[in-house]
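**Q** Next up is a structure, given as structure tokens.
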Amino acid sequence: MDYSQKNRWKLILVLFAAIIVGASLWYSNLLVHKMENEERIKIRLWAETIQKKARLVNYANNLFNEIGADERKKVQLWADATKLLASPNVSITDLSFIFELVRNNENIPVILTDNNDRIVSSRNLPDSAKQNDSNYMHSQLALMRKQHPPIEIYIYKNQKNYLYYEDSKLFSELKGVLNDLSESFYSEVVKNLASVPVILTDSTQSNVIASGSVDSAIIHNPLRLKTVMANMAQSNAPIVIELGGGGKQYIFYEESTLSKELRYFPFLVFGIMSLFILFSYTLFSTARRVEQNRVWVGLAKETAHQLGTPLSSLMAWVEYLRAKESNIADELEKDVKRLETITNRFSKIGSSPQLEAQDVSAVINESIDYFRVRTSQKVKFHYEVAPETDIVVPINAPLFSWVIENLFRNAIDAMSGEGSLTVEVSGQPEVLVIDISDTGKGIPKSNFKTVFEPGFTTKARGWGLGLSLCKRIIENYHGGKIFVKNSEINKGTTFRITLKR
């Protein structure tokens, strides 16, 4: 598979992953909208229920107040009737009517006392059998004093009686029901099933009576509380209630925390899926790279092994020709040494090479001399070293010369056998810089990094392995860097190598 096909497959896989992520995001977003709508319906139903129950509690409270006022009127009427009974000017007809009023009080417990606080009479006490028990009567009188102020009945001149009373049994039961209703109302407001953040305040809207699903730190911070309540009021109009004569109270509420969190759920899904795809792609790429490395190592070692046999034979022939005093032997010996170097290079792939402090000029000049006699006379070689540059760095000479030769070969091919090839060496405090420039076809800027990928080539019969091998040797084995410094189409290219000192 060539490089363009590999890129095409990568693009297809990326598009496929994008489609999967997009579909998942769309579906999760659809589900979130449904859940959010259901959550809003719950909140709306909760608000409607609270409003209806608030009206019910208000109605019960008003009814309770009316019943209380009515009982007060009954007691007042009973007191007036008692006063008239003591009057000498009442007629027989009025007397029977007044007596009927007094007798008809069968619900409200009352105790009548004189000026000296002596109990004159009583009616409708909880335990009528104890009306002759002085302790019981005075305990009931003490309870009545705590509950309501007495009604004064003027008898004659400075003579007064006092009518004490307490709530009737029916009124007390209704009061208990109203208290239970109020408590259940508060509980339903604060501990709502919809998990709605709610704040219940008094009529000033500054004192919090109760709250639910709201951070206590907000409740105890007046500025934050004011801001939160303003936001709540902007989202939903506060619900107004009146309970137990305490004035108006206000219920502030907003959408639930779950409803807010659901908005971010699709983005969370997107993030998780993106991380999963990225992790899978990285894992796949790493596995593929490891497999490629194994192939590289196997291929290199097999090549070294295969070169070993003909190399031994060629060395024997060199010795034979030298014995015959032939001039061919010297040039043939150079090529044999070349093959020996190549074999040595391949044998080092897959193992940790030994780096030794060496003069890079010797390696570079050796490569220049080798190529100068084996390329066109129209290719001019130039080698320049900046003044006072320390050119001794840790390298593995066979592998480093392989990199130089690969770059030379590519430069000569790019110039089509005619042009100038320049090597410039300069020093920096921490690295040695080697620039190799040609006057060839140039490389598009979009391919500055791609040229180092295995399989990338612009040659009709190329394998696309040379620059990939250069990058591996410089960066993996020498801890340096190799990259395209600059390039212009039809003007030339400069590769830069940096080696640590």
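The values are calculated or read from the model by the stated rules, or taken from the named source; none is laboratory data. Note that the coordinates shown come from a computational prediction; the quantities given were computed from them, not determined experimentally. A quick note on method: Cβ atoms are made from the backbone with ideal geometry, for glycine too, and the neighbour counts reach across all protein chains shown. What goes into the accessible areas is simple: the full protein's heavy atoms, side chains included, and nothing from ligands, DNA or RNA. Shrake-Rupley method; radii C 1.70, N 1.55, O 1.52, S 1.80 Å.
**Q** Given the condition in a helix (DSSP H, G or I), open to solvent by 80 Å² or more (accessible area, probe 1.4 Å), at pLDDT 70 or above and over 30 Å from PHE267 (Cα atoms), answer yes or no: does some residue in region 27-46 qualify?
**A** Scanning region 27-46, I find no residue that is in a helix (DSSP H, G or I), open to solvent by 80 Å² or more (accessible area, probe 1.4 Å), at pLDDT 70 or above and over 30 Å from PHE267 (Cα atoms), so the answer is no.
**Q** Which of (1) among the β-branched types (Val, Ile, Thr); (2) modelled with pLDDT of 75 or more; (3) outside any helix (DSSP H, G or I) does ILE67 not meet, given it meets every other one?
**A** (3)
**Q** OK, next. I want to confirm something. Restricting to region 146-185 and keeping residues that are surrounded by 14 or more Cβ atoms within 10 Å (Cβ to Cβ) and assigned to a helix (DSSP H, G or I), which single residue is modelled with the lowest pLDDT?
**A** That would be PHE185.
**Q** Can you find a residue in region 420-431 that is open to solvent by 10 Å² or more (accessible area, probe 1.4 Å) and acidic (Asp, Glu)?
**A** Within region 420-431, the first condition is being open to solvent by 10 Å² or more (accessible area, probe 1.4 Å), and the residues that meet it are 420, 422, 424, 426-431.
Keeping just the survivors that are acidic (Asp, Glu) gives 424, 430.
Yes: region 420-431 contains one or more residues that are open to solvent by 10 Å² or more (accessible area, probe 1.4 Å) and acidic (Asp, Glu).
**Q** While we're here: Name the single residue, out of those in region 397-419 being crowded, with 20+ Cβ neighbours inside 10 Å and among the polar types (S, T, N, Q), that is farthest from HIS478 (Cα to Cα).
**A** ASN410
**Q** Can you pull out the residues in region 431-454 that are of a type in the set (D, E, K, R) and modelled with pLDDT under 90? I'd like the intermediate steps shown before the answer.
**A** Step one: filter region 431-454 for residues of a type in the set (D, E, K, R), giving 435, 438, 441, 445, 449, 453.
Result: LYS449, GLU453.
**Q** Which condition does ASN406 not pass, out of (1) at pLDDT 90 or above; (2) in contact with a Cys (Cβ under 9 Å, 6 or more places away or on another chain), if it passes all the others?
**A** Against the list (1) at pLDDT 90 or above; (2) in contact with a Cys (Cβ under 9 Å, 6 or more places away or on another chain), ASN406 comes up short only on (1).
**Q** Which number in (1) touching a Ser or Thr at 6+ places or on another chain (Cβ under 7 Å); (2) assigned to a helix (DSSP H, G or I); (3) over 27 Å from ALA357 (Cβ atoms) marks the one condition that VAL484 misses?
**A** (2)
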